[in-house]
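One structure is given below, encoded as structure tokens.
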Amino acid sequence: MSMSQEKLESFRRAFPPSRGVEEIPGQDIPTFQVERELLPELARRLKDDPDFDFKMLSDVCGVDWPERQARFDVVYHLYSLTHNHRLRLKVPVSEQDAVVPSVYGVWRAADWFEREVFDMFGVRFSGHPNLKRILCHPSFQGHALRKDYDPGQRWLLREGEQDEPSWAREVQEDEDHFETQVLNLGPSHPATHGTLRTVVRLDGEVITRAECEIGYLHRCFEKMSERHTWNQIIPYTDRLNYCSAMMNGVGYALAVEKLLGVEAPPRAQVIRVILSELSRIMDHIVCIGANLNDVGAMTPFLYVYQAREEIYSLLEACAGGRLTISYVRVGGLANDVPEGFEEAVRYLLRRIPPLVDDMERLITENRIFRQRTEGIGKLSAAEAVDWGWTGPCLRASGVPYDVRKTNPYLGYETYDFKVPIATTGDTYARYLVRVEEIRQSLKIVEQALKRLAPGPIITDNHHVALPPKEKVYTEMEALIWHFKLIMEGMKVPKGEVYGFTEGANGELGFYTISDGGGSPYRLHCRPPCFAVFQAYPHMLEGHMIADSIAILGSLNIIAGELDR
Amino acid sequence: MRNTDVVVCDPKPLRFWQRFYLVEVLKGLGVTLRHFLGNLFGRKYTVTVEWPEVKREYSDRLRGRHVLLTREDGSPRCVACYMCETACPADCIHIEAEEDPTSTVEWEKRPKVFNIDLLRCVFCGLCVDACPKEAIIMTRHHEMAFTGREEAVATIDTLLQKGPIDRIDLGYRPYYGRESRPITLPIPVRVEPAPKAPRPDLAATP
Ligand code: SF4
Ligand code: SF4
């Protein structure tokens, strides 16, 4: 939802063009181009003024326009939870003087997002406390998302060149603290479930400082997107959050569909809802199961995984793959669900609740589990919003933000479901919220199943979707469309949108810019767990080393999505 | 958001008997025992299979190893149009075309070289969707093992269909005019016949 007219008007009054704020009309959300000198003041005002109340910085990213004088745009996406409105700010900078004031002091969420822009574009952020590369390693040369960067280059990371926190060496020389030591958690730790490295400084068994190093799984999804056609990107989105591949594809397709102005047919939308919600269940099952496993409760993990296995069987029957399903296409789905689909979903609706009940019987009121998780990794609502948290983790801190409710897509406004929240904001609350979300998702699936009516599964707009195969084999015109779509890719009108959906981890955003060509000019993915994970080192301080594992599991960090 | 849309699931305080360790342990044991007995007499909860003796069925959309279909006379249906190569997001198809001496109005080229690097392939099926001649389709063959990178590059000889179409374990392919097999959950499993003689290398070990 965009800002109301009067709010926009008061924004224009407060920051008139004479102060270097220029409105860019005709965008999906109100967009303003801002001089960088004004940014700190503007950001402060936008956050603190109750009229605007942009408490959440959802995303920061860069865009490269090599032919422009001010070559880079730093793009900020803001969100207000109270007014449910959004704003986009663009700060242009030139290549010679690529410095922007950091907004870390206003929103802590800027921490890693600004580092990413620095890493990918070489734009510096003055006043950022720890500005260094984040996704690429320290020996990497150049900035990968600049348009003139040749993706064929290879940079070797040699022994001894890896990233070290500046404080890691200090302590070893300090002889008074012989109890203090620096420890590496990961990158290949059994409890990290993916390659993440956390360097912690211990005082006895208590963590006094921590820093994360990520990027081990970085493959520059965004650069690859610029070199592939719009539909070829679908298999790449599967590999973002691979525990719920369906939802990434849906989120991406919805963003592109928004740009194209097409809509998937009703049947495709219902199938998308059913499979997305089943994927959400799977994702929560993985998160809870792995979290329990890490704190020493193996049995429930095996129980709930039975449900996951059966959901994978269903996905495989629909799409042909289990994990990386590539089922979604822009404008609909790759093919129709097989016969027996409804019966299979009904079977799942019968099968999943008893398994979740059994897990709950073992865990929810379990004294050992509660003592390990209650009060551990606590984050208040205000802090969680400040860090840019979304999804189950934010809701466990008491903020009822769910994109399916605030900005419904795929007809979510017509489904009857509730958003689970908890107020304590600790590891146990995150568990409770996820369990309840599984039950709510089942409710949605049940309702969606009733709406499944026969019909087409992909739009018949031949500028977007491949024509049906029987026509391709027999009709010249269909063959020509087919040929053009495959060889050139669909042509997406010039423009930009920020498409966002509720992924399993929270707000999954795709900021998409098209220059009218067959592939995106720029595709930026706002990964929910990136924002969540940047708070992790700060949450660890004061906790025991064993707690760090319990907290990590409850945050559901998926390296494929984190590192992209 | 309206308040009615929210459900608060805060932790409940532990009740009196929950504070006693023993009662909860016994209740928990009840759950595990039920699963144990259910699995012992009837595999009620199990989804695991004793692979490779027992295999689970896959749907006929499974995206496994590719096959290049042939025409009735045994020549490849492929007309070397490069559409699959262009559509492939992993850049793993390599085609070289040549003039087809048997060409008709319908086609004039055929592939001289058709390589798929199965180590690069992500088995997404976009090549199948792209083919205008239904020449490339996928089978359900997915248990692949190679001893070297060169071996993992499937060439036209290994890709080309051998034998009649009903002998191929058909997987992902364009759907039209045929009924696809319905899905049933739980997925059925089939027991592979035990190998006739023990493998020599296994037999040799004491
Ligand atoms: S399945 Fe996908 S990755 Fe493999 S050859 Fe076909 S298009 Fe390429
Ligand atoms: S798309 Fe089909 S016909 Fe064209 S080159 Fe590929 S396999 Fe051959």
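Computed from the coordinates by the stated procedures, all read-outs in this text should not be read as laboratory data. As the structure is a prediction and not an experimental result, all values here were calculated from the model. Backbone-built Cβ (ideal geometry, glycine too); neighbour counts: all protein chains shown.
Brief remarks follow.
- Dividing the radius of gyration of the alpha carbons in segment A:82-222 by their Kirkwood radius gives 1.02 for Rg/Rh.
- Overall dimensions of segment B:3-89 as given by Cα atoms, namely Rg and Dmax in Å: 27.9, 81
- Taking each of A:Lys47/A:Lys491; A:Lys405/A:Lys450; A:Lys223/B:Lys109; A:Lys494/B:Lys112; A:Lys469/B:Lys162 in turn, the alpha-carbon distance tops 30 angstrom for A:Lys47/A:Lys491; A:Lys223/B:Lys109; A:Lys494/B:Lys112.
- If R0 is 45 Å, the Cβ-Cβ spacing of A:Glu343 and A:Asp28 corresponds to a FRET efficiency of close to 0.65.
- The relative contact order of chain A comes to 16 percent, based on Cα pairs under 8 Å that sit 6 or more residues apart.
- Extended-chain gain in nm, criterion 0.36 nm per residue less alpha-carbon gap, B:Val8 and B:Thr32: 5.7 nm
- Taking every alpha-carbon pair in segment A:227-287 and binning the separations at 10 Å intervals from zero gives 23, 49, 25, 3 percent.
- Positive-pole candidate from A:Val304, A:Thr373, A:Asn231, dipole of segment A:228-381, charges at beta carbon: A:Thr373
- Scalar couplings 3J(HN,Hα) for segment A:9-17, obtained by applying the Karplus form with A = 6.51, B = -1.76, C = 1.60 to θ = phi - 60°, are 4, 6, 5, 5, 5, 5, 10, x, x Hz; x denotes Gly and Pro.
- Radius of gyration and Dmax over the Cα atoms of segment B:66-167, both given in Å: 13.3, 43
- Taking all C-alpha pairs of segment A:482-544, those more than 14 Å from each other amount to 68 percent.
- Efficiency of FRET from Cβ geometry, A:Leu479 and A:Glu95, R₀ 41 Å, rounded to 0.05: 0.35
- Sorted ascending by nearby beta carbons within 10 Å, beginning with the fewest, A:Glu67, A:Glu374 become A:Glu67, A:Glu374.
- Annotation: Cα Rg of chain B relative to the compact-globule expectation 2.2 N^0.38 Å equals 1.58.
- Across all C-alpha atoms in segment A:446-564, the radius of gyration and Dmax reach 21.8, 70 Å.
- Computed over segment A:154-254, the convex hull of the alpha-carbon atoms projects to a mean area of 9.3 nm².
- Helix B:21-40 axis, angle to chain B major axis (alpha carbon atoms, nearest 10°): 40
- Under the criterion of Cα pairs below 8 Å and six or more residues apart, the relative contact order for segment A:377-500 equals 19 percent.
- Here's the picture: a label point sits 7 Å out from the Cα of A:Glu205 along the beta-carbon direction, and within segment A:541-564 the residues with their amide nitrogen under 19 Å of it are A:541-553.
- Each residue of segment A:111-119 was assigned a 3J(HN,Hα) from its phi angle through the Karplus expression (A = 6.51, B = -1.76, C = 1.60, θ = phi - 60°), giving 3, 7, 4, 5, 4, 5, 4, 4, 5 Hz with x at Gly and Pro.
- Longest to shortest principal axis, alpha-carbon extents of the protein assembly as shown, angstrom: 80, 73, 56
- Charged-residue dipole, Cβ positions (Lys, Arg, Asp, Glu), segment A:1-143 about Cα centre, Debye nearest 20: 260
- 19 Å tail of the calculated P(r), segment A:306-449, as % of Cα pairs: 64
- Spin-label pair A:Glu446-A:Glu159: with each label point 7 Å from Cα along the Cα-Cβ axis, the two points sit 6.0 nm from one another.
- Segment A:221-563: translational diffusion in µm²/s, Stokes-Einstein, Kirkwood Rh over Cα pairs, 4 °C, 1.567 mPa s: 63
- Rough spin-label spacing in nm, given labels placed 7 Å along Cα→Cβ, for B:Met144 and B:Lys112: 2.5
- Between A:Gln181 and A:Arg44, residue separation times 0.36 nm minus the direct Cα-Cα distance comes to 45.4 nm.
- The peptide list A:45-54, A:15-24, B:123-132, put in order of mean Cβ contacts within 10 Å with the highest first, becomes B:123-132, A:45-54, A:15-24.
- Over all orientations, segment A:1-129 has a Cα convex hull whose mean projected area works out to 7.5 square nanometres.
- Percent breakdown of C-alpha pair distances by 10 Å bin, ordered from the shortest bin, for segment A:173-324: 9, 26, 29, 20, 11, 4, 1
- Taken as Cα centroids, segment A:480-522 and segment A:135-160 sit 26 Å apart, rounded to the nearest whole angstrom.
- Hull-based mean projected area of segment A:243-382, where the convex hull spans the alpha carbons, in square nanometres: 10.5
- Counting every alpha-carbon pair across segment A:266-348, the share separated by more than 15 Å comes to 60%.
- In this rough spin-label picture, where each label sits 7 Å from Cα along the Cβ direction, the A:Ala14-A:Glu541 distance is 3.0 nm.
- Segment A:45-198: relative contact order as a whole-number percent, Cα under 8 Å and 6+ apart: 14
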